[in-house]
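*Asks:* Sharing a structure with you now.
The values are calculated or read from the model by the stated rules, or taken from the named source; none is laboratory data. What you see is a predicted model, and the numbers here were worked out from it, not measured in a lab. Glycine gets a Cβ as well: all are built from the backbone with ideal geometry, and neighbour counts include every protein chain shown.
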Amino acid sequence: MASVNKVILIGNLGKDPELKYTPSGAAVTNFSMATTDKWKDKDGNSQERTEWHNIVLWGRQAEVAKEYLSKGRPVYIEGRIQTRTYDDKEGNKRYFTEIVGEKMQFLGGRDSAPSGSGGGNAYAPANAESPAAGTPAGGNGPNGPQDDDLPF
């Protein structure tokens, strides 16, 4: 039986994207994204809960995100969940869960879109494979970049 690891998020950026490059030259952008659920409780009172997601984009998609996205901007992200582990300064094992974006679409009207972007542009790399998704050149393994190759 095949398995599926697919995430679709529509939300707002919690901070401006940070663009960095791995030692092998691959572009990587990270940002946080908020999604908010709203509902009415049994007494009819409005309730809401915000979830925060760590997003990582690779390659040209990372560069486009840095150029056109900013804090508060609505965006559609399609990708997969990935959990990395590392040892903190005290030697404790820590886990970091992120969404590796494979497709991104700017949302909002022209007022919230950067000049010339049209507000509804989709961007997915032609091969739809990010360096973290396959076995790319530059020291990355089948489960994504090696810790030594990450710029953060």
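*Asks:* What tally of residues in segment 86-101 results from selecting those that are farther than 20 Å from Ala34 by Cβ and touching a helix residue (DSSP H, G or I) at 6+ places or on another chain (Cβ under 9 Å)?
*Replies:* Residues that pass the stated criteria total 1.
*Asks:* Does segment 20-31 hold any residues that are of a type outside the set (Lys, Arg) and surrounded by fewer than 17 Cβ atoms within 10 Å (Cβ to Cβ), and which are they?
*Replies:* Result: Tyr21, Pro23, Ser24, Gly25.
*Asks:* Another question, if that's okay. Of the numbered conditions (1) modelled with pLDDT of 95 or more; (2) over 21 Å from Lys103 (Cα atoms), Lys89 satisfies every one except a single condition; which is it?
*Replies:* All conditions are met except number (1).
*Asks:* What is the residue count in segment 76-113 for residues that are of a type in the set (Gly, Ala, Ser), in a strand (DSSP E or B) and surrounded by fewer than 18 Cβ atoms within 10 Å (Cβ to Cβ)?
*Replies:* Here the count works out to 0.
For every residue, the table says whether it meets (1) more than 23 Å from Leu107 (Cβ to Cβ); (2) small (Gly, Ala, Ser); (3) surrounded by fewer than 10 Cβ atoms within 10 Å (Cβ to Cβ).
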position	(1), (2), (3)
Ala2	yes, yes, yes
Asn5	yes, no, yes
Asp16	no, no, no
Ala34	no, yes, no
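*Asks:* Can we say Thr22 is over 14 Å from Ile99 (Cα atoms) and of a type in the set (S, T, N, Q)?
*Replies:* Here the answer is yes, as Thr22 does meet what is asked.
*Asks:* Additional query: What pairs come up if the first residue lies in segment 100-112 and is at positive phi, the second is modelled with pLDDT of 80 or more and surrounded by fewer than 16 Cβ atoms within 10 Å (Cβ to Cβ), and their beta carbons are under 7 Å apart, counting only those six or more places apart or on different chains?
*Replies:* Listed pairs, sorted by first residue: none to list.
*Asks:* Report whether or not Trp52 is surrounded by fewer than 14 Cβ atoms within 10 Å (Cβ to Cβ), touching a residue at least 12 places away in the same chain (Cβ under 8 Å) and within 13 Å of the chain's Cα centre (by Cα).
*Replies:* yes
*Asks:* Something else now. Within segment 58-75, can one find any residue that is part of a loop (DSSP other than H, G, I, E, B) and in contact with a helix residue (DSSP H, G or I) (Cβ under 9 Å, 6 or more places away or on another chain)?
*Replies:* Among the residues of segment 58-75, not one is part of a loop (DSSP other than H, G, I, E, B) and in contact with a helix residue (DSSP H, G or I) (Cβ under 9 Å, 6 or more places away or on another chain), which makes the answer no.
*Asks:* Please enumerate the residues belonging to segment 63-99 that are under 14 Å from Asn30 (Cα atoms) and of a type in the set (Lys, Arg).
*Replies:* Answer for segment 63-99, where residues must be under 14 Å from Asn30 (Cα atoms) and of a type in the set (Lys, Arg): Lys66, Lys71.
*Asks:* Would you check if Leu69 is of a type outside the set (D, E, K, R), in contact with a Leu (Cβ under 9 Å, 6 or more places away or on another chain) and modelled with pLDDT under 95?
*Replies:* Spelling it out, Leu69 is indeed of a type outside the set (D, E, K, R), in contact with a Leu (Cβ under 9 Å, 6 or more places away or on another chain) and modelled with pLDDT under 95.
*Asks:* Among the listed residues Lys15, Lys42, which satisfies the condition of being charged (D, E, K, R), under 14 Å from Pro74 (Cα atoms) and assigned to a loop (DSSP other than H, G, I, E, B)?
*Replies:* The unique qualifying residue is Lys15.
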